[in-house]
Structures are given as C-alpha cells and as structure tokens.
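In what follows, a single structure is set out as structure tokens and then discussed.
Laboratory data are not the source of any read-out in this text; all were calculated from the coordinates shown. What you see is a predicted model; the values in this text were computed from it and never measured. FYI the Cβ positions are ideal-geometry reconstructions off the backbone, even for glycines, and counts take in every protein chain you see.
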Amino acid sequence: MFSSVLKRLVAALAGAVLLVLGGALVPVTVLLVMDVGKGEDRDFDGRADAVVSGVTSTGGSPGMRGKVVRVSYEVEEERYSARLRGGVTGRALRVGDSVEVVYRAENPGRPYSKDYADQGPPGIGTGIVVAFCAAAMSTVALGASWFLLSFGAGRRKTFLGP
C-alpha cells in the first residue's frame, strides 16, 4: 500500500515538474518563431572594389580548415584594410585578386563580400529547426506531465496500462 502511494506521489511530483517545464517552453517557442529570419540586416549602402591583401588558414582538421581573407580598398579617399566577412563562393581567393565588397555607410571599415549581401535573410533554416525542437520538447513535456499527473491522481492503475 505504502509503495503504491509513494509511486503515485513521485509520479505526481514529476508530472508537476514537467508541466512547469512544458509551460515555460511554450513562450520560448513563440519567441523563437517570432525571431526567425530577424538576424543581421543585409542591406548595404556602399560598395567598393577591393584587392586581397592577405589570406591566412585557420587551424583545424584538413577538411574543416577555414580561411581569413584580408582586403584593402578605398572609400572617399580613405584607405581601409580589414578582414572580409561573409566569404566568397565559387572561388579560392589569393593575394592580389580583385573582389567586390559592400559596407554600411556608417561603418565603411567593416567589409562584407557581395556574395554575402546577395544571400537570403540569415538564420531562417536554423531558426526553424530550433523553434521546431522547442515546440517538440514542450509537447513531450506537457504530454508526459498529463500522463504522470493522471497516474498520480489515481485515474490510471499502472504506467503502461489504460
């Protein structure tokens, strides 16, 4: 008898914890869904022709090495040299290569590749996956809490039975 009461009490307590967890994940899911696609703005109002001034390989395994590309360019008679953000698709850059860069007028010293600017809004795929996972975790937690609370309340005789 005591074992049965203890099992129901533990089940009810676990159900209550999962209910709180699932309930907390619902607004998190809503906020994640609202935030999908609202990453860094890719509207640039300046462009310049740049020359690759340096290419450095980053560490890591041979298949995962990256490259840091530095470019030099001029905006309104002021010379800039900075790391190129966003990468260039379809070609490996070497020192001396020409590349088109874009920037925001308020920060011309932070260049991005034209390829980066032409891509869609950032984070859509990842944001959708994260929002889906949060929704799934919330659904599982709420379903498990309903199951455990109904067992704890005595409406179920066993965990697996009807």
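Annotations
- Computed from the C-beta positions of residue 105 and residue 58, the FRET efficiency with R₀ = 35 Å rounds to 0.70.
- FRET E, pair residue 43, residue 7, Förster distance 45 Å, beta-carbon r, rounded to 0.05: 0.15
- FRET efficiency for residue 33 and residue 140, using Cβ-Cβ distance with R0 set to 25 Å, rounded to 0.05: 0.90
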